[in-house]
Each structure stands twice: as structure tokens, then as C-alpha cells.
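Reviewing the structure listed below.
The values are calculated or read from the model by the stated rules, or taken from the named source; none is laboratory data. Please read these numbers as outputs of a predicted model, since none were measured by experiment. Cβ placement follows ideal geometry from the backbone for every residue including glycine, while neighbour counts extend to all protein chains displayed.
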Amino acid sequence: MNSASTWRYRDPWLGGVAYFLAAMIPLVGYLAPLGFAPLLALTGLLVAPLLTRHQDISPPAHVLVLLALWALISLSWSPASHGLNDIRNYGDLEAVTGLKLLLQLALYGAAVAGLGYLPEDRVERAGLALALGVVVLGLMIGIEGASGASLYQRLREATGDPIRPDLAKVKVSIATYALALLFWPAARILAWRGWAGWSVILLLAIIVGAWGLSSDAVLAALAVGAVVWIAVRLAGRVAAGTLIALVAAPFVFAPLLVLSGVQKGVFAALHKLVPASWDARLDIWAFAAGNIQHHPLRGWGLDASRTFGPAIPLHTHNAPLQIWLELGAVGAALVGVFFAWVAYGILGLTARSRGNGAMAAAALTTYIVIGGLSFGVWQEWWLALGALTLIACNLATRATAISGFDEGELAPLN
């Protein structure tokens, strides 16, 4: 296909990809939440041919490239590294996290950049489709939370693959994390359409789902996100400017805060108050912070968290501590700079529209809070959700700009 043909079919193609992505959110979110990784990878593949050779790369993306390269370098001393001689099949290659990070950065980045070119006449419809998809998923998860995932159990029984009630709740609960992130842009789009009441219904459904499915981190993230949303709506650039330091701080001070908490008896007091899952987290965090001191600059190497046995089951359940443990101060500085740069972009967004600035600030905060309490940093589906959230916020931002909703005209997020 020549260049002229490519540009001729670009707009309808991008529109089709955007509608497809929106339609898949409730299906993937409910049936296979880990499928957000291949979904975003496929989206990136579908739009990548439309990107120009001289495509502008945002400064935060450059930071992510440096982080991925540093992660690859750290494999040279990581106890979890795979030598090239050990790679004999696709399974061995798939286990090399460093290579996957580069591939994900390319594909997820292409998805974000490509859909940023969505034409104005399709932005509004794509944004509305996405918001409705989130509402559908939210209602489904709310019902499952209230019923103990009974519908999911019946579905598994009907397909000849029964599942225990406790495992069903765990499986379904993964969708609550996607909902916590996508709530903010979906609520913004619903408000723009004059359907603010559905935002309230969506929020209540997410809370019921998270509560019934024991997704404590989701409830904490929504609470913090709500505080940030209110602050930016009320204080505008003052609150957004403060956010720059707040999102970078955990990646600077996390080990010091944990070590100080252990030494001053704060952790000992918390052990007596928190439930078993949080008690285990406290042990993991204390162990990780103690071992960070052995290699504070370079870290233990990518995926080293998996090599400490029962002391750290797979990962630290805390993004800043995992970054420090595996990639040291260098990696922590790069991640801190990345999030600070994103927050700086939100500062500019807030100057043009407090409503959109508050949305983006709440989404960013929600992502960081959940990452600070759950999941491994390098999990493909979690990174894909970050990209999907950026796409959703971009759609909400552009849709409100086109219609003149709230304050002023906005430029698309890139």
C-alpha cells in the first residue's frame, strides 16, 4: 500500500481500531483480565503502520527507553538472568523480562501514539464507546461482588471447567483494578455527555465489587484518587504542581521510610493491627528494604525479587521497593523522573482545564497507589493497563476540547 493510500484509509482504520478496543474492555475485563496485555499489543500492531518515520517521541517515553536499557544491562549481574545459551525455545525467550519490556514499550507506545491521531469526528464516539464499555464492566463486577462471584462460577460450570468459590473471587477481582483506573476518564466522558448520574452508579458498582471481592488496594486507591481529584478541582495548578513532588517521592524515599518504620517500632505495632495479607506485606517490605542496602546503587538485577525464596513470593507487592531492589538508585531515579514528568504534563493540562487535569491526576495517583500495594512492576497486563488508561484519558481530554465542555480548549495528550 503506497503512502497516499495509507493516509486515505487512516481515519476509518483508526476509528475501527478505537471502537474495537472499547468493545473488548468489558469482555476482556470480565473473562480474562490478564488479556489486556495481548489486547494492547494487538492495538499497537494495528496502528503501527500508520505512524510516521519521524514520529515525535515524548520526553517521558525517552525515560522509559533508558529504564528498559538499564534493566537489560542489569541482567549481567542478576541471579535471575538467562544466558543466551539457555534460550532454546519460545518459552525460554518469553521468560526474558528485559526483552519483553522493550517489546511492550514499542507496542503499547504505538497504541498510545497511533490512537492519538484519531480524527475529531471519531474521538467523541470512541470516547463514548469506551465509557459505556467501562460502565458495563463495572455493573458486571458490582453484581459479582455482591454475589460472591456466583455468576462467574456458573459460567465456568457451564463450560465444563468448574472453579472453587474462593478462586472465582480472586479471578474476578482482577477486573476491579482496571475499573479503578478507567473510572476517572469514563466518569469525565459521562459528565461531558450529561450522564453524571451514571458516574455515581459506576463508582458504587466498583466499590461494591472491590469490597465483595476483597480488593483492598482498589478501595485505597480510589480514596486517594478522590482526594487528589477534589484537590485539583479546587486548587487547580497549586495542587497539580504539588503532585509532581508527591508522585516522585515514593521512588526516592521508600527504602528509608520502611527501614525507619522497622527501627522505630511502627511495623511491629502494625503487625498487631492488620489482617494476614497486610501482615505478610509488612514482612516482605522489611526484608526487601534490608536487602536494598547491599546493592543500593545498581540493585540486585532485573527479576532478582524472584530469587529470595519464601521471603519474597515472586515480587515485593510494592513498586518503589521492587525497583530499588532490582534496579537500584539508578532505576528508582528513572522511574521517579518518568512519573514526575507525567505529573508535569498534568500541570499544563490543569492550566487549560481543571476538570481534565483532575481526571488525569486522579488516574495517575490511582495507578501509583495500586502499584505500591499490589502486583509486580513488570507484569505485562499491568503495564498494558497503564497504556490503556493513557489512551482513555486522551480520548476524554480531546472529546471535551472538541465540544468546549468545561474550561477552554485542550490539546491531545501525547
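Check every one of the helices (runs of 4 or more DSSP H) wholly within the stretch 1-106 and list those with 3 or more residues that are at pLDDT below 95 and surrounded by fewer than 14 Cβ atoms within 10 Å (Cβ to Cβ).
3-31, 90-94
Can you tell me which residue in the stretch 265-277 is nearest to the chain's Cα centre (by Cα), limited to those that are under 19 Å from residue 369 (Cβ atoms) and in contact (Cβ under 8 Å) with a residue 12 or more places away in the chain?
So the residue we want is 277.
Tell me the residue from 223, 254 that is more than 18 Å from residue 356 (Cα to Cα), without any contact (Cβ under 8 Å) to a residue 60 or more places away in the chain and among the aliphatic types (A, V, I, L, M), please.
223
Would you confirm, using the coordinates I've provided, whether residue 357 is free of Cβ contacts under 8 Å to residues at least 24 places away in the same chain, over 23 Å from residue 97 (Cα atoms) and of a type outside the set (A, V, I, L, M, F, W, C)?
no
Rundown of residues vs (1) at pLDDT 95 or above; (2) buried (at least 16 other Cβ atoms within 10 Å of the Cβ); (3) β-branched (Val, Ile, Thr); (4) under 19 Å from residue 317 (Cα atoms), yes/no style:
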site	(1), (2), (3), (4)
205	yes, yes, no, no
209	yes, yes, no, no
218	yes, yes, yes, yes
227	yes, no, yes, no
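Considering every residue within the stretch 199-206, establish whether at least one is under 20 Å from residue 373 (Cα atoms) and part of a helix (DSSP H, G or I).
Yes, there is a match, as at least one residue in the stretch 199-206 is under 20 Å from residue 373 (Cα atoms) and part of a helix (DSSP H, G or I).
Working carefully through the options 378, 341, find the one that is within 18 Å of the chain's Cα centre (by Cα), part of a loop (DSSP other than H, G, I, E, B) and surrounded by fewer than 22 Cβ atoms within 10 Å (Cβ to Cβ).
Testing whether each residue is within 18 Å of the chain's Cα centre (by Cα), part of a loop (DSSP other than H, G, I, E, B) and surrounded by fewer than 22 Cβ atoms within 10 Å (Cβ to Cβ) leaves just 378.
If a residue must be assigned to a helix (DSSP H, G or I) and surrounded by fewer than 16 Cβ atoms within 10 Å (Cβ to Cβ), how many such residues does the stretch 247-256 contain?
Qualifying residue count for the region: 2.
This table checks each residue for (1) of a type in the set (A, V, I, L, M); (2) buried (at least 17 other Cβ atoms within 10 Å of the Cβ); (3) closer than 20 Å to residue 214 by Cα.
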{"position": "133", "(1), (2), (3)": "no, yes, no"}
{"position": "145", "(1), (2), (3)": "no, yes, yes"}
{"position": "155", "(1), (2), (3)": "yes, no, no"}
{"position": "169", "(1), (2), (3)": "no, yes, yes"}
{"position": "173", "(1), (2), (3)": "no, yes, yes"}
{"position": "179", "(1), (2), (3)": "yes, yes, yes"}
{"position": "186", "(1), (2), (3)": "yes, yes, no"}
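State which residue pairs qualify: first residue among the charged types (D, E, K, R) and inside the stretch 135-149, second residue part of a helix (DSSP H, G or I) and surrounded by fewer than 20 Cβ atoms within 10 Å (Cβ to Cβ) in any location, beta carbons under 9 Å apart, and separation of 6 or more residues or different chains.
Partner pairs satisfying both residue conditions: 144/150; 144/151.
Residue 348 is checked against (1) of a type outside the set (Asp, Glu); (2) farther than 22 Å from residue 103 by Cβ; (3) part of a helix (DSSP H, G or I); (4) touching a residue at least 40 places away in the same chain (Cβ under 8 Å) and fails just one. What number does that condition carry?
The one condition residue 348 does not meet is (4).
Can you tell me which condition residue 199 does not meet? The list is (1) among the small types (Gly, Ala, Ser); (2) surrounded by 20 or more Cβ atoms within 10 Å (Cβ to Cβ); (3) at pLDDT 95 or above, and all the others hold.
Failing condition for residue 199: (2).
Any residue at all in the stretch 288-296 that is polar (S, T, N, Q), part of a helix (DSSP H, G or I) and surrounded by 24 or more Cβ atoms within 10 Å (Cβ to Cβ)?
no
In the stretch 294-339, what residues are at pLDDT 95 or above and among the polar types (S, T, N, Q)?
Matches in the stretch 294-339: 322 only.
If the requirement is being part of a helix (DSSP H, G or I) and at pLDDT below 95, which of these qualifies: 267, 183?
267
Would you be able to say whether some residue in the stretch 199-210 is without any contact (Cβ under 8 Å) to a residue 12 or more places away in the chain and aliphatic (A, V, I, L, M)?
Within the stretch 199-210, one or more residues are without any contact (Cβ under 8 Å) to a residue 12 or more places away in the chain and aliphatic (A, V, I, L, M).
When you check residue 262 against the structure, is it closer than 24 Å to residue 337 by Cβ, in contact (Cβ under 8 Å) with a residue 24 or more places away in the chain, surrounded by 13 or more Cβ atoms within 10 Å (Cβ to Cβ) and hydrophobic (A, V, I, L, M, F, W, C), yes or no?
Judged against the criteria, residue 262 is not a match.
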